[in-house]
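*Asks:* The structure that follows is given in the form of structure tokens.
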Amino acid sequence: MNNQPNVVFLRSAQVLKCQLIGNWTIQNIKKLYKKMDRLEGKRDFEFEQIVFDCSKIEEFDTHGIILILHFIKNIPSTCKIEKIGMSERFEKLFVACENNFPPSREKSSKQNILLKNLENLGRLVVEGYKTLTVFFSFVGELTHRGIDSFMFPNQIRFRAVLYHIENSGLMALPIIFLTSFLIGVVIAYQGAVQLEKFGANIFIVEMVTISATRELAPLLTAIVVAGRSASAYTAQIGVMKITDEIDAMRTMGFSPWNFLVLPRVFGLMISLPLLVFFADVVSIFGGMTVAATTLDVSFFEFIDRMHSSVDLKHFIIGLIKAPIFGWIVATIGCFRGFQIDNNTESVGRYTTISVVNAIFWVIAMDAIISVLLTELGL
Amino acid sequence: MIVVKARNIVTRFGDNVIHDGVSFDIKQGEIFGLLGGSGSGKTTLLREMILLQKIAGGELEVLDNSVVGISKENEKKLQSQWGVLFQFGALFTSLNIVENISIALKEYTDIPDKLIFESALMKLSMVGLPEKTAYMYPSELSGGMKKRAGLARALALDPKLLFLDEPTSGLDPKSARGFDELIVMLRQTLGITVVMVTHDKDTIEGVLDRFIILGNKKVIFDGNISELQETTNKELRNFLN
Ligand SMILES: Nc1ncnc2c1ncn2[C@@H]1O[C@H](COP(=O)(O)OP(=O)(O)OP(=O)(O)O)[C@@H](O)[C@H]1O
Ligand SMILES: [Mg+2]
């Protein structure tokens, strides 16, 4: 039990002697800190001399020494400090620690909470404003580069475009199939209950076809693609930024616009209309299935009615929206990717932001287009 | 006392055999070097000792624990006794430097925060970084500075056993010697054992007590610098030149 860490204070007329005992190692620091804390008492600093007797220290490490230095730092210069009984090893480490010990300095006063919140609010607004301007310049450059590549089509990286069509379009088919089929089923079911009351079963055709092709299929496809691809684009570009790959590309004369951004934007603008077309077909099929099983509207009747009473324009409007949604998703995904800073946490943060932004703007754009078209009487 | 005991270690990545029968001992209080050409498997061997990589065959004991089938408890105990410096620093990018250094102290000890902070700043200064770097993030540091911050983090818990992967690469010659002195001082005062991968000739000649050279998937040399200089094997003698 000799190794019990301890400090014994021996007070004589002018001298305070601190006898340091036992293991001054990392496990015992808390205990020792409490004991040493008694030194802080004002009275003790009136001694002319304070002696640290280290002769009974058995084991030590840098934290034991830091503890001693921590208290020495607080002793006013009117006290003389002496250290005795240090073994050679101990002294060597002590000197090394002392030379590197941080000087004491005034603690920064705590800030007013209201002030701090105001500051944060201001920061948020400024950041938002900055992001907006950066985004506009990103879109500006994107447009410029996009037009450029139509003037010089040999600059387009067709392989990369195809790769992104495969990855973001083709690979999304299974999930798009599932969601749009279910959407078709849901619309038809919901409608079936109401229509049956009026005996207007056949109107299920208009209901399913128009709402699916004009609104729901494009919107849901875009949302699914936003979830899959906006996040992927952001993370890919962000990690390339962190590993300096983008800088390496630049120095080798490969423009990140041509190599990274444009293929993704073109890829989605091409694949989204195709996906929407697929989703149209599948959701109508879903609706047809429900119509046939619960409303006694057979597949033939359904298709016949579609021919005669559903305008093609709904279908076309849906398809026209698709590349716009594709542009939104790809642009936001890439933009957020370039915003990722040099730390891993921001990968997660911006990936989330990118998906949320992409979905929001897809829905917002859909609303804007709806209002516009209604005003135009389409 | 033997701190690390390796017997006939075999390592494979798929069909690619990296080590085929590597054996050596590391004694307590030694500064031990792992040497060898690029791609000879030094980092891999180090990773096996710190339980990041499984061995495909042979025996490996670290502080009397066999790394094969080690229990979670023992693993934790081991991890609290060693400090590791990775080849490229491997700092936590979302924490600033002082947080990087103090995170282990905060998690594993009950030391008061004031002392933890002072401890972190002291270790930072010991490895030769100015105080203003304390609040910077890893991405704002140069490669050599990251290395030093990584060493400060490895030293945070006053480990008994220190694993260093190329500690002096990327440092200017003067800081590299400062690094060497720090290691020697810590060994002298705290009696720690140091295992390091290094290509630095001055470190090899001035600091290492003993080292092995890996080559051809095996240990081709085991001894100290004067033994290496006296060996008749020409290939080995040329290793340093
Ligand atoms: N995760 C891995 N998967 C496949 N092979 C690997 C992996 N890690 C390492 N290797 C292979 O193991 C061999 C040894 O790699 P290691 O990183 O240990 O080399 P090293 O001796 O540390 O080289 P250097 O001095 O360049 O750091 C190399 O041939 C490498 O290709
Ligand atoms: Mg290596």
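A short reminder: the numbers here are calculations on the coordinates, not readings from a lab. Predicted model, so just to flag it, every value in this text is computed and none were measured. Reconstructed Cβ throughout: ideal geometry from the backbone, glycine too, with neighbour counts over all protein chains shown.
*Asks:* Tell me, what does the Kirkwood hydrodynamic radius of the protein assembly as shown come to in angstroms if you use every pair of distinct C-alpha atoms?
*Replies:* 30.3
*Asks:* Another question, then. Using a Debye calculation, one point per C-alpha and no hydration shell, please list log10 I(q)/I(0) for the range A:156-215 at q = 0.12, 0.17, 0.28 Å⁻¹ in order.
*Replies:* -0.46, -0.66, -1.05
*Asks:* Further question: For the range B:41-102, what does the alpha-carbon gyration tensor say about shape, rounded, prolate or oblate, given a ≥ b ≥ c as the root eigenvalues, a/c under 1.5 as rounded, and a/b over b/c as prolate?
*Replies:* Oblate, because a/c is 1.5 or more while a/b does not exceed b/c.
*Asks:* Taking the dipole about the Cα centre of chain B, with the C-beta of Lys and Arg at +1 and of Asp and Glu at -1, give me whichever of B:ASN233, B:THR93, B:SER71 is farthest to the positive side.
*Replies:* B:THR93
*Asks:* Assuming R0 = 41 Å, can you tell me the calculated FRET efficiency for the pair B:LYS218 and A:SER55, based on Cβ-Cβ distance, to the nearest 0.05?
*Replies:* With R0 = 41 Å, the Cβ-Cβ based efficiency is 0.20.
*Asks:* Another one. For labels at B:ALA56 and A:GLN190 in the simple 7 Å Cα→Cβ model, what's the distance in nm?
*Replies:* 5.9
*Asks:* Report Rg(Cα)/(2.2 N^0.38 Å) for the range A:66-137, keeping two decimals.
*Replies:* The value comes to 2.14.
*Asks:* Can you pull the Rg over Rh of chain B, Cα-only, Kirkwood?
*Replies:* 0.97
*Asks:* I need the semi-axes of the equivalent ellipsoid of the range A:122-168: take the C-alpha gyration tensor, multiply each eigenvalue by 5, square-root it, list largest first in whole angstrom.
*Replies:* After scaling each eigenvalue by five and taking roots: 32, 15, 5 Å.
*Asks:* Take the Cα of B:GLN28, step 7 Å along the line toward its Cβ, and report every residue of the range B:36-72 whose backbone nitrogen sits under 15 Å from that point.
*Replies:* It comes to B:62-65, nothing else.
*Asks:* Further, regarding this structure: So if R0 is 22 Å, what FRET efficiency would A:GLU245 and B:LYS201 give, r being the distance between their Cβ atoms, rounded to the nearest 0.05?
*Replies:* Efficiency, from the Cβ-Cβ distance: 0.10.
*Asks:* Compute a Gaussian network model of chain B, connecting alpha carbons closer than 10 Å, and tell me which residue from B:GLY83, B:GLY29, B:GLY69 fluctuates the most.
*Replies:* Checking each option, the largest mean-square fluctuation is seen for B:GLY69.
*Asks:* Could you tell me the calculated FRET efficiency between B:ASN65 and B:GLU227, based on Cβ-Cβ distance and R0 = 25 angstrom, to the nearest 0.05?
*Replies:* Between B:ASN65 and B:GLU227 the formula returns 0.25.
*Asks:* Fewest Cβ neighbours within 10 Å first, please rank B:LYS146, A:LYS321, A:LYS73 accordingly.
*Replies:* Sorted ascending by nearby Cβ count, the order is A:LYS73, B:LYS146, A:LYS321.
*Asks:* Same structure, new question: Please compute the alpha carbon radius of gyration of the range A:277-378, then divide it by the globular-protein estimate 2.2 N^0.38 Å. Two decimals is fine.
*Replies:* Taking the Cα Rg and dividing by 2.2 N^0.38 Å, one obtains 1.54.
*Asks:* What shape does the range A:203-259 take by its C-alpha gyration tensor, where a ≥ b ≥ c are the square roots of the eigenvalues and a/c under 1.5 counts as rounded, a/b above b/c as prolate, and the rest as oblate?
*Replies:* prolate
*Asks:* What is the distance, in nm, between label points placed 7 Å from the Cα along the Cα-to-Cβ direction at A:THR143 and at A:LEU121?
*Replies:* About 3.5 nm separates the two model spin labels.
*Asks:* List the trypsin sites (Lys or Arg not before Pro) within the range A:74-167 that fall in a DSSP loop (any state other than H, G, I, E or B) and whose Cβ has at most 11 other Cβ atoms within 10 Å.
*Replies:* When the trypsin sites (Lys or Arg not before Pro) of the range A:74-167 are filtered for loop state and at most 11 Cβ neighbours within 10 Å, A:ARG105, A:LYS107, A:LYS110 remain.
*Asks:* To continue, here is another question. Report, in deg cm²/dmol and to the nearest 500, the calculated mean residue ellipticity at 222 nm for chain A, where each DSSP H run with n ≥ 4 adds -39500 (n - 2.57) and the sum is divided by the residue count.
*Replies:* -22000 deg cm²/dmol
*Asks:* A further question on this structure: Work from the charge dipole of the protein assembly as shown (Cβ charges, +1 for Lys and Arg, -1 for Asp and Glu, about the Cα centre) and give the residue of A:ILE303, B:THR189, A:ALA230 farthest towards its positive end.
*Replies:* In the protein assembly as shown, that residue is B:THR189.
*Asks:* Using only Cα atoms, what Kirkwood radius does the range A:6-99 have, in angstroms?
*Replies:* Final number for the Kirkwood radius of the range A:6-99 is 13.3 Å.
*Asks:* In what order do B:LEU95, A:LEU118 fall by count of nearby beta-carbon atoms within 10 Å, going from fewest to most?
*Replies:* Going from least to most buried by this count: A:LEU118, B:LEU95.
*Asks:* What does the charge dipole of the range A:219-378 about its Cα centre add up to, to the nearest 20 debye, if the Cβ of each Lys and Arg holds +1 and the Cβ of each Asp and Glu holds -1?
*Replies:* Dipole of the range A:219-378, to the nearest 20 debye: 320 debye.
*Asks:* Next question, about the same structure. Kindly identify the range B:129-207 as rounded, prolate or oblate by the Cα gyration tensor criterion: order the square roots of the eigenvalues as a ≥ b ≥ c, call it rounded if a/c is under 1.5, otherwise compare a/b with b/c, prolate if a/b is larger, else oblate.
*Replies:* The shape class here is oblate.
*Asks:* Go through the range B:46-89 and name the trypsin sites (Lys or Arg not before Pro) that are in a DSSP coil and have 12 or fewer other Cβ atoms within 10 Å of their Cβ.
*Replies:* When the trypsin sites (Lys or Arg not before Pro) of the range B:46-89 are filtered for loop state and at most 12 Cβ neighbours within 10 Å, B:LYS54 remain.
*Asks:* Given Cβ point charges of +1 (Lys, Arg) and -1 (Asp, Glu) and nothing else, what value in debye, to the nearest 20, does the dipole of the range B:169-234 about its Cα centre take?
*Replies:* My answer is approximately 240 debye.
*Asks:* Can you give me the distance in nm between label points at A:GLU91 and A:ARG11, each placed 7 Å from the Cα along the Cα-to-Cβ direction?
*Replies:* The modelled label-to-label distance comes out at 3.1 nm.
*Asks:* Kindly provide the helix-only [θ] at 222 nm of chain B, computed as the sum of -39,500 (n - 2.57) over DSSP H runs of four or more divided by all residues, to the nearest 500 deg cm²/dmol?
*Replies:* -11000 deg cm²/dmol
*Asks:* Could you give the alpha-carbon Rg of the range A:156-375 over 2.2 N^0.38 Å, rounded to two decimals?
*Replies:* In units of the 2.2 N^0.38 Å rule of thumb, it is 1.18.
*Asks:* Still on this structure: Restricting to bridges with both residues inside the protein assembly as shown, how much of the DSSP beta-bridge set is antiparallel, in percent to the nearest 5?
*Replies:* Bridges in the protein assembly as shown that DSSP calls antiparallel: roughly 45 percent.
*Asks:* Which of the aspartates and glutamates could a cross-linker bridge to A:LYS56, judged by Cα under 16 Å and excluding same-chain residues fewer than eight apart?
*Replies:* Straight-distance partners of A:LYS56: A:GLU82, A:GLU88, A:GLU91.
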